[in-house]
Amino acid sequence: MIIALCFTVTLRHIQFCRSPGMTGPVMNISVSECLCLILLLLQQTTVSTLERFEVLGPAQPVVAVAGEDVVLPCYLKPNISAVDLHVEWFRVQINSPLVHLYRDHEERNENQVPSYRGRTSMFPEELRNGNTSLKVKNVRGSDNGEYKCLVQSGKFYDDSSIQVYIKAVGTHPVISNEGYKEGGISLVCESKGWYPQPQVVWMDSEGHSLPAGHTETHTDSMDLFTVRRRIIVQETETNRFTCRVQQQQINEMKETKTNIPGEMFHRAHPWKVTFAVIFSLSVVGIIGCTILIHRFVKLRKKRAQLKEQYELLKAQRYAVDVTLDPDTAHPKLVLSEDRKQVRYGDTWQDLPDNPERFKYQKSVLGKEGFSSGRRYWEVQVGDKTYWRLGVAKESINRKGKIKLNPNNGIWALRLMENKFKALTDPRVSLPLSVEPQKVGVFVDYEEGQVSFYSVEDKSHIYTFTGYKFTEKLYPYFSPGFWYCSENSAPLIISPVSDTD
């Protein structure tokens with residue numbers, strides 16, 4: 001109001017301050033009046049500039065080396081000053097996700113995730129240039145995941161997603177000889193400081209993989225993996241063995257070779273002879289029991305497999321035609337023309353922000369919902385490394401940040417970092433011996449059950465049971481992020497063939 005008054009006074013001064021005989025106004029303006037005009041122009045420029053802006057992040061995921069510092073880029077377009085704005089960095093899909101907060105001209109991190117305490121900072125001198133990037137010091141394995149940079153001015157806000165991949169190459173494997181065990185020589189291989197978790201493989205002198213015990217894993221204070229795997233070896237022509245530790249996602253591999261003197265195997269012979277004698281004396285008494293137990297276990301396993309196959313065949317009788325609903329798709333998801341495929345894109349599409357559309361979750365729903373009966377459909381996942389599938393209730397939060405579980409209206413499975421999990425609360429790990437290429441989803445509305453099957457081997461994966469559905473349900477799809485072409489393939493809704 002003061003600026004408007006100054007402007008009015010100045011106009012009047014220009015209008016009436018004329019010299020006799022002059023046809024134009026005399027520009028005899030005071031310093032205060034000039035300042036008023038300048039402030040008025042600045043005010044109009046600032047208001048129009050701050051009405052709208054766009055938050056931009058990197059086009060590709062950020063790869064960070066464990067133990068080093070990393071900058072997560074985030075900028076405003078146009079590059080207006082962010083000094084007076086609200087800037088929030090947070091993790092996606094974790095409880096209490098705040099990573100860093102800038103508000104009221106200062107950084108306020110009282111509610112920050114404890115693991116980030118003292119490790120995050122922004123660039124105060126760059127805020128006036130629209131730079132809202134975040135620096136994370138001494139990154140660790142647990143920093144791996146999706147981040148969001150949200151900038152708010154009044155009621156207007158925008159955000160950008162940044163995917164962070166942590167990389168750490170561990171030590172060369174160390175092989176230790178533990179002596180005689182179970183008729184051979186026990187060797188243990190250990191390597192430290194890896195991320196993501198690597199594989200440990202034992203090989204003979206010709207490079208053939210050898211059967212070994214399970215891989216033991218531990219994490220250190222930096223959330224990096226230590227892996228350890230044992231093997232019992234027998235005497236060979238060379239007595240040369242190799243332990244290889246490899247991480248295919250970051251294309252890193254380290255190995256160590258060892259040679260065992262033949263005398264060590266020879267000294268183990270008396271123990272072998274004693275064991276053979278004891279075994280020979282005992283075998284007559286136990287061979288019958290062994291055969292019976294083996295047959296019993298085999299029969300039980302076969303019956304369980306037949307039961308799972310029968311359940312899948314029953315479910316396939318309720319096959320329905322599912323198509324994707326483009327009005328619900330997140331702007332970064334790309335749907336095929338026939339609405340049978342969905343993949344993650346690298347650009348934000350200009351789509352209307354209608355109430356049905358997901359804004360935070362990279363998800364899309366099926367077009368056809370249902371509130372009774374039984375439904376079944378199949379989805380081709382192929383060799384994808386990250387996906388989520390299931391059903392969602394109609395009132396699921398499509399605009400905010402939620403944790404995916406039945407309490408929030410989602411019944412789904414997830415594959416991420418080579419681990420299958422049922423999205424319960426808490427999560428349930430699913431140790432599958434064979435990764436499914438095609439997943440069948442079966443819903444019994446009245447019984448309150450959602451079941452998942454591996455279609456190729458007709459095996460049961462997991463069932464949500466004991467729920468009471470009270471509103472319409474929709475098929476749920478999320479193809480996951482992709483990095484360097486990995487996981488770029490789409491989720492494909494497949495026709496169901498085995499319905500007889």
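The values are calculated or read from the model by the stated rules, or taken from the named source; none is laboratory data. Just so it is clear, the model here is predicted, and its values are computed rather than measured. With ideal geometry, Cβ positions are generated from the backbone for all residues, glycine too; neighbour counts draw on all protein chains shown. In case anyone asks, the SASA skips ligands and DNA or RNA and just uses the protein heavy atoms, side chains included. Shrake-Rupley method; radii C 1.70, N 1.55, O 1.52, S 1.80 Å.
For every residue, the table says whether it meets (1) surrounded by 14 or more Cβ atoms within 10 Å (Cβ to Cβ); (2) outside any strand (DSSP E or B); (3) among the polar types (S, T, N, Q); (4) more than 19 Å from the chain's Cα centre (by Cα).
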| residue | (1), (2), (3), (4) |
| --- | --- |
| Trp89 | yes, no, no, no |
| Gln93 | yes, yes, yes, no |
| Leu101 | yes, no, no, yes |
| Asn109 | yes, yes, yes, yes |
| Gly118 | no, yes, no, yes |
| Glu125 | no, yes, no, yes |
| Lys148 | yes, no, no, no |
| Ser160 | yes, no, yes, no |
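Which residue is nearest to the chain's Cα centre (by Cα), if the candidates are limited to region 194-222 and must be in a strand (DSSP E or B) and touching a residue at least 60 places away in the same chain (Cβ under 8 Å)?
Checking each candidate, the answer is Tyr195.
Hey, among Asp84, Asp69, which residue is open to solvent by 30 Å² or more (accessible area, probe 1.4 Å) and in contact with a Lys or Arg (Cβ under 7 Å, 6 or more places away or on another chain)?
Asp69
In region 438-457, how many are open to solvent by less than 60 Å² (accessible area, probe 1.4 Å) and either among the β-branched types (Val, Ile, Thr) or not in a strand (DSSP E or B) (or both)?
7
For region 447-500: of the residues being of a type in the set (Gly, Ala, Ser) and more than 21 Å from the chain's Cα centre (by Cα), which is farthest from Arg343 (Cα to Cα)?
Ranking the candidates gives Gly466 first.
When you check Ser142 against the structure, is it part of a strand (DSSP E or B) and either within 19 Å of the chain's Cα centre (by Cα) or surrounded by fewer than 18 Cβ atoms within 10 Å (Cβ to Cβ) (or both), yes or no?
Taking the combined requirement at face value, the residue does not satisfy it.
Could you identify the single residue in Val151, Val139 that is closer than 13 Å to Gly57 by Cβ and among the β-branched types (Val, Ile, Thr)?
Val151
Taking the stated definitions as given, is Asp223 in contact with a helix residue (DSSP H, G or I) (Cβ under 6 Å, 6 or more places away or on another chain) and closer than 30 Å to Leu72 by Cβ?
Answer is yes for this residue.
Hey, could you check region 386-413 for residues that are among the basic types (Lys, Arg) and in contact with a Gly (Cβ under 9 Å, 6 or more places away or on another chain) and say which is most open to solvent (accessible area, probe 1.4 Å)?
Lys393
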